[in-house]
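Engineer: Here it is: the structure, laid out below.
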Amino acid sequence: MSTENKDLGFIGLLKSFTQPFWIASVMELFERWAWYGLFAVLALYLTGSTDDGGLGFTHIERGEIMSYVTFILYLLPIITGAISDKIGYKLSLIIAYLLLGFGYYFMGDVTSYTAVFIMFLIVAVGAAMFKPVASAIVTKSTDERNSSFGFGVFYMMVNIGGFFGPLFSAKLRDQYGWKIVFIMAAMAIAINLIIVIFFFKEPNREKNEDSLGKTIIKSLKNIFEALSDMKLTLLLVIMVGFWLMFNQLFYTLPVFIEEWVNTKPLYDALSNYTPWIAEFFKNKHGGINPEMVVNLDAFFIVILQMIVSTIILKWKPINAMMTGIFIAVIGIALSFYTSNVFFTIFGILIFAIGEMTSNPKFSDYIAKISPKGKEALYMGTYFLPIAFANLLTKWITGDLYQNLSDKVSLIRKELTSKNIELPEISEAYTKNEFYKEAASKLQMTQDQMTNHIWDIYHPGNIWYVIAAIGLSTIVGLIVYDYVIKKQLKKAITN
């Protein structure tokens, strides 16, 4: 056996990574810091009571903004990947960071539905410029021996940023208000802009001599040509289910925790063993902010990703994805099953293990089929199931949640059953005032009212729908794997 084949250990893999890989990883960390620093709290900000600095939107409006914009974000890499191959990675990154910085900062200044939608859309375009370039750099910096491990490391860096962003958002927004979250995101992007201007060197790539318009048209033709391969297309369609389930962790769970889960026992438990940690995470209501609970997903990935990546290093991609999704289904079901914060945390831990098992293997599979010179373009196909999952997410996090789990709607239902009417929520009559008056009318404390509504209307039943989507994805992958193996066997026989 050659020395090259022997040098597959952790140190050997690290040494094999080129400088662009590490710069891309650092930039991914800060980009994710900005994105998740905002996105982890965005649902809370959009639906929050106006007297707390929130915008007071309905869950349907929140679902529209978050789903439609992120749908566009993940669909655009089909085009932005081709543009990056044409104009170069460095220029693409500079454009991306200028759009992101502008969008993040001014998104914190606007309050109307339309203005928020437009500013978030600018952020989405910037993120769409960044995503395929970062993935392409990783692809160019690894080979067949270490690409799976390399994407595991890259995914770990994603989650380091994804952990620290919400960590700072939760603390800062309690002390300084919502605007600081948007400033923090813009500052993280500013760091990336400095890095790309002064430290990033363009990696070797095949230069495209076509015009920009011809490049985009050609990229669309290439995508449709790739999608004509039913083996790829069916896999992408099936994986929509995984991402649809995955999205609920950030779209729906923070609001669910805010409305139904009492996080004070978590603070009490922390204060008994680590008082300084408890005080750091404590919010102004004496509990823990929802985004900090959800943020444990990123924390678990940061500390466990290397271990999981090593375990699944030689697993077949389809087997890893099916196993990971099944684990994630169990985790997401537990997260919504009860109003007990410790069950929620345990569910997030299980979900994170499933996520670590399935997601990097999917990235690895797409990377391996990317033709040389078109890495950014073909990595863009990876985002297609994510895009359509985000589009469909509006139905779950918006319409379904509004009808099945929205606290205001369920309280009104209970009040109506007792012939009690309260004004509609508006700038003059905030959500906090509604909760206070509703509890008074029901002759309960607000905590008692929350428990009462939970026991009668079971808002946690939304987990049935979310888990069913995940299980359907597994069934789809089982059938897919069977059909593909059957076709291969038939081809060998012939």
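The values are calculated or read from the model by the stated rules, or taken from the named source; none is laboratory data. No experiment lies behind these values; they were computed from the predicted model shown. Cβ atoms come from the backbone with ideal geometry, glycine included; neighbour counts cover every protein chain shown. These accessible areas exclude ligands, DNA and RNA; they are computed on the full protein's heavy atoms, side chains included. Shrake-Rupley method; radii C 1.70, N 1.55, O 1.52, S 1.80 Å.
Engineer: Report the equivalent ellipsoid semi-axes for the chain in whole Å, largest first, defined as the square roots of five times the eigenvalues of the gyration tensor built from alpha carbon atoms. Kindly include the intermediate steps, with their values, before the conclusion.
Structural biologist: On the way: eigenvalues 311, 127, 100 Å².
Computed over the chain, the values are 39, 25, 22 Å.
Engineer: If I compute solvent accessible area with a 1.4 Å probe over the protein chains, what percent of it on the chain is carbon and sulfur?
Structural biologist: Numbers: 13620 of 21230 Å².
About 64 percent, which is the carbon plus sulfur part of the accessible surface.
Engineer: With θ set to phi - 60°, apply the Karplus curve 6.51 cos²θ - 1.76 cosθ + 1.60 along segment 290-295 and write out the HN-Hα couplings as whole Hz, x wherever there is a Gly or Pro.
Structural biologist: x, 5, 6, 5, 4, 5
Engineer: Now, a different point. Students often get this wrong, so check it: of Lys264/Lys418; Lys86/Lys218; Lys221/Lys361; Lys171/Lys431; Lys131/Lys485; Lys131/Lys201, which have C-alpha atoms separated by over 21 Å?
Structural biologist: Lys264/Lys418; Lys221/Lys361; Lys171/Lys431; Lys131/Lys485
Engineer: Next up: Compute the helix-to-body angle for 264-273: its Cα long axis versus the longest principal axis of the chain, expressed 0 to 90° and rounded to tens.
Structural biologist: Taking the Cα atoms of the chain, the angle to 264-273 is about 70 degrees.
Engineer: State to the nearest 20 debye the size of the charge dipole of segment 37-150 about its Cα centre, where the only charges are +1 on K and R beta carbons and -1 on D and E beta carbons.
Structural biologist: Roughly 480 debye, rounded to the nearest 20.
Engineer: Using only C-alpha positions, report the orientation-averaged shadow area of the convex hull of segment 377-480, nm², one decimal.
Structural biologist: Over all viewing directions, segment 377-480 projects a mean Cα-hull area of 9.9 nm².
Engineer: Something else now. Check Gly54: other-chain or 5+ apart residues with amide H under 5 Å from its amide H, H built from backbone geometry?
Structural biologist: Answer set, sorted by chain and number: Ser49.
Engineer: Net charge within 12 Å of Glu291 by Cβ-Cβ distance, Lys/Arg positive one each and Asp/Glu negative one each, not counting Glu291 itself?
Structural biologist: Neighbourhood net charge equals -1.
Engineer: Taking the Cα centre of each part, how many Å lie between segment 231-306 and segment 164-188?
Structural biologist: Computed from Cα coordinates, the inter-centre distance equals 17 Å.
Engineer: Which net charge results for the neighbourhood of Asn390, defined as the other residues with beta-carbon distances under 14 angstrom from its beta-carbon, given Lys and Arg at +1 and Asp and Glu at -1?
Structural biologist: Result for the neighbourhood of Asn390: +2.
Engineer: Is the shape of segment 168-306 best called rounded, prolate or oblate, per the rule: a/c under 1.5 gives rounded, else a/b larger than b/c gives prolate, else oblate, with a ≥ b ≥ c the square roots of the Cα gyration tensor eigenvalues?
Structural biologist: prolate
Engineer: Nearest 20 debye, what's the magnitude of the dipole of segment 253-324 about its Cα centre given +1 on Lys and Arg Cβ and -1 on Asp and Glu Cβ?
Structural biologist: Result for segment 253-324 is approximately 300 debye, rounded to the nearest 20.
Engineer: Can you compute 3J(HN,Hα) from phi for each residue in segment 427-439, using the Karplus curve 6.51 cos²θ - 1.76 cosθ + 1.60 with θ = phi - 60°, rounded to whole Hz and x for Gly and Pro?
Structural biologist: Karplus values, whole Hz, x for Gly and Pro: 5, 7, 9, 7, 4, 4, 5, 4, 4, 5, 6, 4, 4.
Engineer: Let me ask another. Hey, what angle do you get for helix 147-176 against the long axis of the chain, alpha-carbon based, 0 to 90 degrees rounded to 10?
Structural biologist: Approximately 30 degrees, to the nearest 10.
Engineer: Net charge near Val261: determine it from the other residues with C-beta under 12 Å of the C-beta of Val261, scoring Lys and Arg +1 and Asp and Glu -1.
Structural biologist: Taking every Cβ under 12 Å from that of Val261, the sum is -1.
Engineer: Picking from Tyr68, Ile189, Leu471, whose Cα lies most toward the positive end of the charge dipole for the chain (charges on Cβ: Lys, Arg +1; Asp, Glu -1)?
Structural biologist: Leu471
Engineer: Next question. Calculate, for the chain, the solvent-accessible area per residue in square angstrom, rolling a 1.4 angstrom probe over the heavy atoms of the protein chains.
Structural biologist: With all protein chains present, the chain gives 43 Å² per residue.
Engineer: About the Cα centre, and with charges only on the beta carbon of Lys, Arg (+1) and Asp, Glu (-1), how big is the dipole of the chain? Nearest 20 debye, please.
Structural biologist: In debye, rounded to 20, the chain gives about 1580.
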